[in-house]
Structures are given as C-alpha cells and as structure tokens.
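The values are calculated or read from the model by the stated rules, or taken from the named source; none is laboratory data. What you see is a predicted model; the values in this text were computed from it and never measured. A quick note on method: Cβ atoms are made from the backbone with ideal geometry, for glycine too, and the neighbour counts reach across all protein chains shown.
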Amino acid sequence: MKAMILAAGRGVRMRPLTDTVPKSLLPAGGKPLIVWQLEKLARAGFTEAVINHAHLGHMIQAALGDGARFGVSIRYSPEPVALETAGGIALALPLLGTAPFLVINADIFSDYDFAALAGLDLQDRLAHLVLVDNPPQHPRGDFALAAEQVHETGDKLLTFSGIGVYAPRLFGGIASGARLALAPLLRNAMASNRVSGEYYGGRWHDIGTAERLQALDATLKGERA
C-alpha cells in the first residue's frame with residue numbers, strides 16, 4: 001500500500017511562522033512534523049509515499065529529497081494553488097496507483113500504528129476513517145461511529161483524525177486541478193454505507209496553531225529529557 005501525506009495547506013492560523021516555512025516543516029521535539037510521519041510510515045512497513053505541496057513547496061522537496069534517509073521513497077505532487085483535500089488527492093492519483101492508499105494530514109501528531117491499516121481490504125467500501133475523541137478546539141466532532149460503520153449523524157459525534165484509507169474510485173469523478181473538499185465526498189459515500197471506521201483512544205494532536213505546536217514541542221522535549 002502507498003501512502004500520501006497532505007502538506008499543501010497554507011497554515012494561515014500559524015502565521016507568522018508559516019510566512020517563511022511551510023507548516024509541515026515546523027519542528028516539534030527536534031524534528032519537522034512531516035518527518036515524524038515519514039519515520040512512522042517506514043517503521044510500519046510503508047516504502048512509497050506521495051507528498052502534495054503548494055505554499056513554499058520547494059522547501060519541502062529540498063528538505064526531504066527522495067526520502068531515502070527516512071526509509072521511504074518519496075514522489076511529489078505540486079499544486080499551483082492548494083486544491084483542498086479531495087482536489088489534491090485527485091491530482092495525485094496517477095502517482096498513487098489503482099489500489100487503496102493511506103492518507104495522513106501532515107499537521108497531526110499521533111502514536112497510531114499505521115501498520116494496522118497497511119493490509120486493509122476495503123472490498124466494496126470507498127473509505128475507512130480513524131476517529132478520535134473531540135479535542136477542545138473541535139468539541140462538536142465530525143462523524144458518528146456505529147458497528148464499525150461511519151455515519152454523518154448519530155448519538156455521539158467523534159473527530160476525524162486526518163488518518164484514512166481511500167479507494168481511488170472515490171475521487172474518480174474529480175477533474176484534475178479542481179478544488180474540492182473531502183467531506184462532501186465522504187458524506188455521499190456514508191449515505192450508501194460505504195465508509196467504515198474505527199475509534200482510536202491513544203495520543204493524537206491536531207497541530208493547527210502556534211500555541212498547540214509549542215505545547216507539543218515542550219511535551220516531546222520533556223519526554224526525551
């Protein structure tokens with residue numbers, strides 16, 4: 001299975017840090033956020049990764065190169081402007097192939113083991129999502145989980161972690177270069193019961209602000225002390 005790391009976001013809420021450095025290269029615990037992801041992928045047995053980028057994308061390519069030193073072969077999917085999640089994945093489909101693939105947000109930090117998804121067979125499903133408890137900044141959640149099936153509504157909504165496995169056909173109708181969010185595609189698939197999911201109760205952080213990045217950095221440094 002191939003993996004894709006989403007790194008095209010502008011990181012507006014993290015300005016001025018992201019005025020000169022792409023969000024995925026901001027450091028936490030002594031290494032860039034995206035490097036944590038690459039190293040975790042390699043440990044989980046993934047050997048091929050695709051990274052999309054837009055804002056300051058040349059810095060990402062210069063920093064990561066071909067990925068050899070991380071144990072993962074990297075190919076890049078540059079976007080002239082950020083195409084949002086579904087648009088970015090659709091543009092990268094020629095690099096991802098015809099089998100289901102793992103997608104991870106570059107700006108999360110988690111100890112979830114990607115190996116748990118490496119051999120996932122979607123069968124007739126279009127997606128499999130990892131859901132987590134709602135963080136303080138997102139108390140309403142995103143989707144409900146019942147009997148390993150993800151629904152748009154339910155008694156208790158959980159937060160989508162930014163970790164998921166997708167079938168290429170989920171994005172097949174998107175024109176190359178179109179801007180499109182992921183949520184509408186997932187909701188359409190949920191309506192026909194074609195999105196499975198799982199709950200993860202371990203460590204997970206959404207690094208969406210400078211304050212959250214600073215907190216994670218302090219925690220990781222403290223663990224290494």
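Observations
- Only one entry in 159, 153 is among the hydroxyl-bearing types (Ser, Thr, Tyr), modelled with pLDDT of 90 or more and in a loop (DSSP other than H, G, I, E, B), namely 153.
- Residues located in the stretch 33-77, provided they are at pLDDT 95 or above, surrounded by 15 or more Cβ atoms within 10 Å (Cβ to Cβ), of a type outside the set (Gly, Ala, Ser) and outside any helix (DSSP H, G or I): 46, 48, 50, 51, 52, 53, 72, 74, 75, 76
- Filter result for residue 135 (assigned to a loop (DSSP other than H, G, I, E, B) and not charged (D, E, K, R)): yes
- Of the residues making up the stretch 87-110, those that are part of a helix (DSSP H, G or I) and buried (at least 20 other Cβ atoms within 10 Å of the Cβ) are 87, 88, 89, 90, 91, 92, 96.
To keep it simple, each residue is scored yes or no on (1) more than 20 Å from the chain's Cα centre (by Cα); (2) under 26 Å from residue 21 (Cβ atoms); (3) in contact (Cβ under 8 Å) with a residue 12 or more places away in the chain.
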residue: 138; (1), (2), (3): no, yes, yes
residue: 157; (1), (2), (3): no, no, yes
residue: 164; (1), (2), (3): no, no, yes
residue: 167; (1), (2), (3): no, no, yes
residue: 179; (1), (2), (3): no, yes, yes
residue: 185; (1), (2), (3): no, no, yes
residue: 200; (1), (2), (3): no, no, yes
residue: 221; (1), (2), (3): yes, yes, yes
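- Any hit, the stretch 116-123, residues being in contact with a Gly (Cβ under 8 Å, 6 or more places away or on another chain) and part of a loop (DSSP other than H, G, I, E, B): no
- Every listed requirement among (1) in contact (Cβ under 8 Å) with a residue 24 or more places away in the chain; (2) in a loop (DSSP other than H, G, I, E, B) is met by residue 189 save one, (2).
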